[in-house]
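*Asks:* Before anything else, here's the structure in question.
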Amino acid sequence: MPLAERPRTDPLAPLRTPADPPCDVYLTGTVFLDIIFTGLDSAPVRGTESWARGMGSSPGGVANMATALARLGLRTSLAAAFGDDHYGEYCWDTLEQGEGIDLGYSRTVPDWHSPVTVSMAYEGERTMVSHGHEPPPQEPAPRCPPRSRAAVASLAPGVDEPWVGEAARHGTRIFADVGWDDTGRWDLAALPDLGQCEAFLPNAEEAMRYTGTSCPRAAAHALAEHVPLAVVTLGAEGAYAVDGRTGETASVPAIEVEALDPTGAGDVFVAGFVTGTLAGWPLADRLAFAGLTAALSVQEFGGSLSAPGWSEIAAWWKRVRTYADQDRAALSRYAFLHPLLPETSRPWPLRRAVPTIGFGRSA
């Protein structure tokens, strides 16, 4: 559906003033072209040919989170390098024209090909193969990032991103995730930007390794000694959060869904949590919303393709309340969303058109 025709819900509407920064959330990172194969019966076997029943393509990498934020109604600005090949043009157009993401801080790099990831989804898991080169040595992120309510940083051991501290000093609230530590040291001191962050959102395995604990909840409490808000995602068990400033804790179970492709679910979770935080929701509501958006995303292809908007959330809410055996107490956990949901007659689960490069954008 073209951007102008989508129902728009602004979760920050009650908070907006003329003095607001120009964007709600700023991100920087690498945009990949993702090619996703689904409907595989098993992992590919060496020396054989596998046929997939489904295929899609979409911008990936940092574009997953940028798209998720934009679809939840946040004014999103992305700084990234794009190749001047067809893949780069496709990703740029999809993000700017299709999703309404501000690319004013992004750049096109002549004679540089776009990074590509091929993802194969099967049995609720995924296997990925990626290829790409670093762009020429010119930072896609400006030295002074735009004034924004929040920014999302991806922390890496031994890497100090000057823009993170600059943004924090100007009042931007920094939310951070982290990837696997290939060094094997798992040392929090090796994450120099962690001290600039308001919230840190690792998964359970990452949290336990960084804290030397054997329990995700214990890891969250340990992390809360280093960052104001620690959120640990627990996969099928939901998420657990500790506010180190107040001592408040929150635990929300996951929503049971049939997973088609988990690509980008972590990014969607972070986007949902950032949205709820900027909207001023209670901690448990933020966890519930983040978990809901992630659960809806794994039922579709790909990362940015599957990120839900408010229409998808409204369709889920309408459908799930019709189930006769629904746990009403569990359902009430999400009643706080009702005032934000647009009227919708669309069914759930929704099926998105899957774009393939070379064809026009589908409705």
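*Asks:* Once a ≥ b ≥ c are taken as the square roots of the eigenvalues of the Cα gyration tensor of the stretch 118-228, is the result rounded (a/c under 1.5), prolate (a/b larger than b/c) or oblate (a/b not larger than b/c)?
*Replies:* Working: a/c = 1.83, a/b = 1.10, b/c = 1.67.
Verdict is oblate for the stretch 118-228.
*Asks:* Calculate log10 I(q)/I(0) of the chain for q = 0.15 Å⁻¹, where I(q) comes from the Debye formula with a single equal point scatterer on each Cα and nothing for solvent.
*Replies:* Rounded to two decimals, the profile gives -1.49.
*Asks:* Select from Val152, Val45, Val118 the residue whose mean-square fluctuation is largest in a Gaussian network model of the chain (Cα-Cα springs shorter than 10 Å).
*Replies:* Ranking Val152, Val45, Val118 by mean-square fluctuation puts Val45 first.
*Asks:* Gain in length, His133 to Glu258, computed as 0.36 nm per residue apart minus the alpha-carbon separation, to one decimal in nm? Intermediate values should be presented prior to the final figure.
*Replies:* Details: separation 125, 0.36 × 125 = 45.00 nm, distance 3.54 nm.
So the extension gain works out to 41.5 nm.
*Asks:* Per residue, how much accessible area does the chain show when a 1.4 Å probe rolls over the protein heavy atoms, in square angstrom?
*Replies:* 47
*Asks:* Say each of Val45 and Val320 gets a label point 7 Å from the Cα, pointing the same way as Cα to Cβ; how far apart are those two points in nm?
*Replies:* Here the answer is 3.9 nm between the modelled labels.
*Asks:* Separate question: Taking the Cβ-Cβ separation of Ala52 and Thr17 as r and a Förster radius of 41 Å, what is the calculated FRET efficiency to the nearest 0.05?
*Replies:* FRET efficiency, Ala52 to Thr17: 0.25.
*Asks:* Could you give the length gained by full extension between Asp85 and Thr213, i.e. 0.36 nm per residue of separation minus their alpha carbon distance, to one decimal place?
*Replies:* 41.5 nm
*Asks:* Do you know the relative contact order of the chain, to the nearest whole percent, from alpha carbon pairs under 8 angstrom that are 6+ apart?
*Replies:* Computed over the chain, the figure is 17 percent.
*Asks:* Could you compute the net charge surrounding Tyr210? Neighbours are other residues with a C-beta less than 13 Å from the C-beta of Tyr210; K and R count +1, D and E count -1.
*Replies:* Here the count lands on -4.
*Asks:* Could you tell me whether the stretch 248-337 comes out rounded, prolate or oblate from its Cα gyration tensor? Rule is a ≥ b ≥ c as square roots of the eigenvalues, rounded for a/c under 1.5, then prolate if a/b exceeds b/c, otherwise oblate.
*Replies:* oblate
*Asks:* Where in the chain are the DSSP H helices whose alpha-carbon span along the long axis reaches 18 Å or more and whose Kyte-Doolittle mean is at least 0.5? If you can, show how the numbers build up before the last one.
*Replies:* Details: long enough: 265-278 (20 Å, 1.39); 283-297 (21 Å, 1.14).
Those that clear 18 Å and a mean of 0.5 are 265-278, 283-297.
*Asks:* Ok, one more. Please identify the chymotrypsin sites (Phe, Trp or Tyr not before Pro) of the stretch 46-97 that satisfy two criteria: DSSP loop assignment and at most 14 other Cβ atoms within 10 Å. Which are they?
*Replies:* Hits after loop and neighbour filter: Trp51.
*Asks:* A further question follows. Beta carbons within 10 angstrom, averaged per residue: use that to sort the peptides 172-178, 248-254, 94-100, highest first.
*Replies:* Going by the mean number of other Cβ atoms within 10 Å, highest first, we get 172-178, 94-100, 248-254.
The values are calculated or read from the model by the stated rules, or taken from the named source; none is laboratory data. These numbers come from a predicted model, not from an experiment. With ideal geometry, Cβ positions are generated from the backbone for all residues, glycine too; neighbour counts draw on all protein chains shown. Please note that ligands, DNA and RNA were not included when accessible areas were found on the heavy atoms of the full protein model with its side chains. Shrake-Rupley method; radii C 1.70, N 1.55, O 1.52, S 1.80 Å.
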